[in-house]
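The values are calculated or read from the model by the stated rules, or taken from the named source; none is laboratory data. Every value quoted in this text rests on a predicted model; they were computed, and no experiment measured them. Please note: Cβ atoms are built from the backbone with ideal geometry, for glycine as well, and neighbour counts cover all protein chains shown.
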Amino acid sequence: MKMLVLNIGSKSDDWRARRLSNFSAVSFVLDGEKIASVEGFIQGIKFPEGHLARQQAFQSVGVVAKRFGKKAKRKLVWWKKQAIPYGSLEHQELVERAIRAKFEQNSNAMKALLASEGMVLTHDLRHPDPPNTILPAEVFCDILTRIREEAIQARK
């Protein structure tokens, strides 16, 4: 039996794939901070607290948010007065918390995730992940799959 696959991407023809994308305009609050998108969070934490680019990234979505990260040094990320080594387990866990907040706080995002039940989630953008990414496609899809399975179990 062939498994159905949902390729997550902001330009997908599938509404679920667009909604699951970190580029989607799905706001959430993490530790009291309002963020416009997961991508905005990922890029914004690359700048120290008080930095203008940080706040601009936090309020951005899609490619606009992604562009902010190009100016960052990628040695540290900052969250709640803590400097966290870029790419560390703590950094990855922080990004996962943001992704979880997106789905926990937004019924439409959760609806899209649950509507992918039984599907294999992928994130193939037709080019390899950048070598310095902290969220490779496989890790991103594993996080979404875990959140989905937890939500399905919670409904039973």
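Structure notes:
- Flag if Glu104 is modelled with pLDDT under 95 and part of a helix (DSSP H, G or I): no
- Residues of segment 135-145 satisfying the condition of being in contact (Cβ under 8 Å) with a residue 12 or more places away in the chain and not in a helix (DSSP H, G or I): Leu135
- Just one residue in the set Val64, Val29, Val77 is closer than 25 Å to Trp15 by Cβ, touching a strand residue (DSSP E or B) at 6+ places or on another chain (Cβ under 9 Å) and modelled with pLDDT of 95 or more; that residue is Val29.
- Qualifying residue in segment 87-106 (condition: farther than 18 Å from Ile143 by Cα and free of Cβ contacts under 8 Å to residues at least 24 places away in the same chain): no
- The one condition from (1) modelled with pLDDT of 95 or more; (2) within 20 Å of His123 (Cβ to Cβ); (3) touching a Lys or Arg at 6+ places or on another chain (Cβ under 8 Å) that Gly69 does not meet is (1).
- Only one of Ile84, Ile35, Ile8 that is in contact with a Cys (Cβ under 9 Å, 6 or more places away or on another chain) and surrounded by 17 or more Cβ atoms within 10 Å (Cβ to Cβ): Ile8
- Of all the numbered requirements in (1) within 25 Å of Arg148 (Cβ to Cβ); (2) surrounded by 14 or more Cβ atoms within 10 Å (Cβ to Cβ); (3) aliphatic (A, V, I, L, M); (4) modelled with pLDDT under 95, Met3 misses one, and that requirement is (2).
- Looking only at segment 117-134, and only at residues there that are among the polar types (S, T, N, Q) and assigned to a loop (DSSP other than H, G, I, E, B), the one that is farthest from Arg155 (Cα to Cα): Asn132
- Evaluating Cys141 against the criteria (1) surrounded by fewer than 19 Cβ atoms within 10 Å (Cβ to Cβ); (2) within 15 Å of the chain's Cα centre (by Cα) leaves one unmet condition, (1).
- Scanning segment 68-81 for residues that are exposed (fewer than 14 other Cβ atoms within 10 Å of the Cβ) and either touching a residue at least 24 places away in the same chain (Cβ under 8 Å) or touching a helix residue (DSSP H, G or I) at 6+ places or on another chain (Cβ under 8 Å) (or both) turns up Lys71, Lys73, Arg74, Lys80, Lys81.
- Only a single item in (1) among the hydroxyl-bearing types (Ser, Thr, Tyr); (2) farther than 15 Å from Ser21 by Cα; (3) touching a residue at least 12 places away in the same chain (Cβ under 8 Å) is not met by Thr122, and it is number (2).
- Tallying residues that are touching a Leu at 6+ places or on another chain (Cβ under 7 Å) and of a type in the set (S, T, N, Q) within segment 67-83 yields 0.
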